[in-house]
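Notes for the one structure printed next.
The values are calculated or read from the model by the stated rules, or taken from the named source; none is laboratory data. Since the structure is predicted, the reported quantities are computational estimates derived from the model, not experimental observations. Don't worry about glycine lacking a Cβ; one is built from the backbone with ideal geometry, like all the others, and counts go over all protein chains shown. These area figures cover heavy atoms from the full protein model, side chains too; ligands, DNA and RNA do not enter into them. Shrake-Rupley method; radii C 1.70, N 1.55, O 1.52, S 1.80 Å.
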Amino acid sequence: MIDWSPIILTAKLATLTTLLLLLIGIPIAYWLATTTARSKPVVETLVSLPLVLPPTVLGFYLLIAFSPHKALGHWLQQYMGIQLLFSFTGLVIGSVLYSLPFMVNPIQAGLSNLPPSLAEASYVLGKSKLQTLFYVLLPAIKPALLTGIVLTFAHTIGEFGVVLMIGGNIPDATKVVSIAIYDQVEALNYEQAHLYSLLLLGVTFCILLVVYSTNGKHLKHFWK
Amino acid sequence: MITATLQKTLGVVGGQLDLDIELQIAKGAFVALYGASGAGKTSILRMLAGLLTPDQGRVHVAGTPWFDAAKRVVLPPQQRSVGYVFQEYALFPTMTVRKNLTYALEKGQEAHRIEELIEILELGPLQDRKPDTLSGGQQQRVALARALVRMPALLLLDEPLSALDAQMRTKLQDYILQLHKHYALTTILVSHDVGEIVKMADHVYCVTDGKVTRSGTPLSVLTASKTIPQGRIQRIGELLAIQSEGTMYIVTVLLQTEVIKVLAQVTDIAGMQVGDTVLVTATTIDPILTKLS
């Protein structure tokens, strides 16, 4: 019989990561889309790094940073009582960093492509930047928001290297589906590995299908 | 009364433009800014609205400073009482026509102004539609209505009619004039259409390369330039037809309600096409005068 706990854990991790990234990603994307600051290319590079960096590199640095023997890990464990290594919380933080470009890039592109007069019209009508963002700009880039949400979710499901480095293989805490597959193959338990793999294949296929058909306007009437 | 001195160096295609403008606009006036594209007309509107900050100068509206470089006063656009109609309309795409107007309401402002604008601009049948389902002229009417919801001290129109066909343009000009009078607005119109300016504005500033080169009533400024000597009559009309007659052309021009035919050479009509606004200059050498009464 299939063990559902890695699946539930993966869904929990992906959902939480997506929600957190929505909160973090919108301000970063808005800043990148509107700023003229010289530091913009640096921030853009940092945000996009996980696209090209091997996940093990990110995982390695997080492993060191979260270690109770280092300043940050020590401080968190000593004063906040939070242990980030080999814990679900650490996994969430790792996933947020790892999936950051998948949320920020589509939203930034969406905001940059809007004509500047849209925001200006709202300012002239006496509306603040925050009101303009929430009532005018974000509603105008719904497809980009959907893309960001879905890609982040799918990318977090597919995460392996970072989890392996900082999470390990602890049931109900860090044993997500991708790790479970690896685990089952190592134990030559191919039947279970098949089930998990097929499930991930199906879910990610459906998710990407939604993105592409929405951006192809096929689902426009559902979305508008 | 609006007084503005605006100085700013703008980066433009192929170099810099040093904008140095002085405007004095009486309350209730209808003022036009006329000039070639790239002369800085839109930048003037943007500086008045607070969307662009001048390097130097000041903008005072009815005694209130909106901008004063010396005193470091820079009111953000939100705090200036301005209605702005953008060239490309800039309607909010996710909102219906009515929602575009109610969004503009100030906190606590009553909605009866919206009903009035919907009635004047005949937007009733369109109010539940989204902007992308409207024609250019319809979108422009919505943009105009939206700009007037907050009862602005100053209405800024940035070539609002340039993308419309001649018939729609005439209709919208009438709407704008009607609203200007009805709400006793102070209006600034950017336009490069001489006929439009003559019809609508009571004062025009000609802007060339960031400077005001001439200003005054539209007829005196736009039709009788100093290079034209005495003894000529000038009228503005609409070009209706160009007809080839051997080596010459017969050009038909509508002067308000009167249609006249003018003989022209190829060089005279170069670059002209039907629908253009043209200036007809006729010499009065050897005129025939007849006593009528």
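I'd like to know if region B:91-104 contains one or more residues that are in contact with a helix residue (DSSP H, G or I) (Cβ under 8 Å, 6 or more places away or on another chain) and open to solvent by 60 Å² or more (accessible area, probe 1.4 Å). Step through it out loud before you land on a result.
The initial filter retains those residues of region B:91-104 that are in contact with a helix residue (DSSP H, G or I) (Cβ under 8 Å, 6 or more places away or on another chain), namely B:91-95, B:97-98, B:100-104.
In the following step, the residues that additionally are open to solvent by 60 Å² or more (accessible area, probe 1.4 Å) were identified as B:98.
Looking through region B:91-104, at least one residue is in contact with a helix residue (DSSP H, G or I) (Cβ under 8 Å, 6 or more places away or on another chain) and open to solvent by 60 Å² or more (accessible area, probe 1.4 Å).
Taking the criterion of being of a type outside the set (D, E), within 14 Å of chain A (Cβ to nearest Cβ) and farther than 24 Å from B:T213 by Cβ, would at least one residue in region B:38-49 satisfy it? Can you show your working first?
As a first pass, look at region B:38-49 and keep what is of a type outside the set (D, E): B:38-49.
Now drop any that are not within 14 Å of chain A (Cβ to nearest Cβ), which leaves B:42-43, B:45-49.
Then drop every residue that is not farther than 24 Å from B:T213 by Cβ, which leaves none.
No; the residues of region B:38-49 include none that is of a type outside the set (D, E), within 14 Å of chain A (Cβ to nearest Cβ) and farther than 24 Å from B:T213 by Cβ.
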Can you tell me which residue among B:A69, B:A62 is touching a residue at least 60 places away in the same chain (Cβ under 8 Å) and open to solvent by 20 Å² or more (accessible area, probe 1.4 Å)? B:A62
Exactly one of A:V92, A:V124 is open to solvent by less than 30 Å² (accessible area, probe 1.4 Å) and away from chain B (no Cβ under 14 Å), and that one is A:V92
Please specify each residue of region B:59-82 satisfying the condition of being part of a strand (DSSP E or B) and either closer than 16 Å to A:S122 by Cβ or within 22 Å of the chain's Cα centre (by Cα) (or both). B:V59, B:H60, B:V61, B:V82
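Take A:F86 and decide whether it is more than 14 Å from chain B (Cβ to nearest Cβ), closer than 21 Å to A:A14 by Cβ and assigned to a helix (DSSP H, G or I). Spell out the reasoning first.
Numbers: more than 14 Å from chain B (Cβ to nearest Cβ): yes; closer than 21 Å to A:A14 by Cβ: yes; assigned to a helix (DSSP H, G or I): no.
No, not satisfied.
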For the list (1) away from chain B (no Cβ under 14 Å); (2) within 17 Å of the chain's Cα centre (by Cα); (3) at pLDDT 90 or above, I need the number of the one condition that A:F160 fails. (3)
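Listed here are the residues, each with its yes/no results for (1) away from chain B (no Cβ under 14 Å); (2) modelled with pLDDT under 90; (3) within 30 Å of B:V97 (Cα to Cα).
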site: A:L164; (1), (2), (3): yes, yes, no
site: A:K175; (1), (2), (3): yes, yes, no
site: A:I181; (1), (2), (3): yes, no, no
site: A:L188; (1), (2), (3): yes, no, no
site: A:L198; (1), (2), (3): yes, no, no
site: A:L201; (1), (2), (3): yes, no, no
site: A:G216; (1), (2), (3): yes, yes, yes
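Please determine, by comparing only the residues of region B:123-157 that are among the β-branched types (V, I, T) and either within 24 Å of the chain's Cα centre (by Cα) or away from chain A (no Cβ under 13 Å) (or both), which one is nearest to B:T170 (Cα to Cα). I'd like the intermediate steps shown before the answer.
Start the filter on region B:123-157 by keeping residues that are among the β-branched types (V, I, T), which leaves B:133, B:142, B:149.
Imposing the further condition that a residue be either within 24 Å of the chain's Cα centre (by Cα) or away from chain A (no Cβ under 13 Å) (or both) reduces the set to B:142, B:149.
Details: B:V142: 17, B:V149: 23 Å.
Per the criteria, the residue is B:V142.
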For B:Q16, are the conditions met, namely being modelled with pLDDT of 90 or more and loosely packed, with under 15 Cβ neighbours inside 10 Å? no
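Restricting to region B:105-116, what's the tally of residues that are within 14 Å of another protein chain (Cβ to nearest Cβ) and either open to solvent by 50 Å² or more (accessible area, probe 1.4 Å) or assigned to a helix (DSSP H, G or I) (or both)?
Filtering region B:105-116 down to residues within 14 Å of another protein chain (Cβ to nearest Cβ) leaves B:105-109, B:113-114.
With the extra rule that they be either open to solvent by 50 Å² or more (accessible area, probe 1.4 Å) or assigned to a helix (DSSP H, G or I) (or both), the set shrinks to B:106-108, B:113-114.
Looking only at that region, the number is 5.
Test B:E119 against the stated conditions and say whether it is open to solvent by 80 Å² or more (accessible area, probe 1.4 Å), modelled with pLDDT under 90, more than 13 Å from chain A (Cβ to nearest Cβ) and within 22 Å of B:G137 (Cβ to Cβ).
Details: open to solvent by 80 Å² or more (accessible area, probe 1.4 Å): yes; modelled with pLDDT under 90: yes; more than 13 Å from chain A (Cβ to nearest Cβ): yes; within 22 Å of B:G137 (Cβ to Cβ): yes.
Spelling it out, B:E119 is indeed open to solvent by 80 Å² or more (accessible area, probe 1.4 Å), modelled with pLDDT under 90, more than 13 Å from chain A (Cβ to nearest Cβ) and within 22 Å of B:G137 (Cβ to Cβ).
So in region B:72-90, with the set limited to residues that are out of contact with any helix residue (DSSP H, G or I) (no Cβ under 8 Å at 6 or more places or on another chain) and without any contact (Cβ under 8 Å) to a residue 40 or more places away in the chain, which one is farthest from the other protein chains (Cβ to nearest Cβ)?
From region B:72-90, those out of contact with any helix residue (DSSP H, G or I) (no Cβ under 8 Å at 6 or more places or on another chain) are B:72-75, B:79, B:81; that's our starting set.
From the residues that got through so far, the ones that are without any contact (Cβ under 8 Å) to a residue 40 or more places away in the chain too are B:72-75, B:79.
Numbers: B:R72: 20, B:V73: 18, B:V74: 13, B:L75: 12, B:Q79: 8 Å.
Per the criteria, the residue is B:R72.
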List the strands (runs of 3 or more DSSP E) inside region B:166-226, counting only whole elements, that have at least 1 residues being open to solvent by 50 Å² or more (accessible area, probe 1.4 Å). B:203-208, B:211-216
For region B:106-135, enumerate the residues that are touching a residue at least 40 places away in the same chain (Cβ under 8 Å) and farther than 17 Å from B:A90 by Cα. B:E106, B:Q109, B:I120, B:L121
Selection from region B:36-59 of residues of a type in the set (G, A, S) and open to solvent by 50 Å² or more (accessible area, probe 1.4 Å) yields B:A36, B:S37, B:G38
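To keep it simple, each residue is scored yes or no on (1) farther than 20 Å from A:Y135 by Cα; (2) part of a helix (DSSP H, G or I); (3) of a type in the set (D, E).
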site	(1), (2), (3)
B:A90	no, no, no
B:M95	no, no, no
B:D128	no, no, yes
B:P152	yes, no, no
Mind listing just one residue for me: the one in region B:91-104 that is at the interface with chain A (Cβ under 9 Å from one of its Cβ atoms) and not β-branched (V, I, T) and, of those, nearest to the chain's Cα centre (by Cα)? B:L91
Could you identify the single residue in A:L114, A:L133, A:L146 that is surrounded by fewer than 22 Cβ atoms within 10 Å (Cβ to Cβ), more than 8 Å from chain B (Cβ to nearest Cβ), touching a residue at least 24 places away in the same chain (Cβ under 8 Å) and touching a Leu at 6+ places or on another chain (Cβ under 7 Å)? A:L114
So B:L144 fits all but one of (1) at pLDDT 90 or above; (2) outside any helix (DSSP H, G or I); what number is the exception? (2)
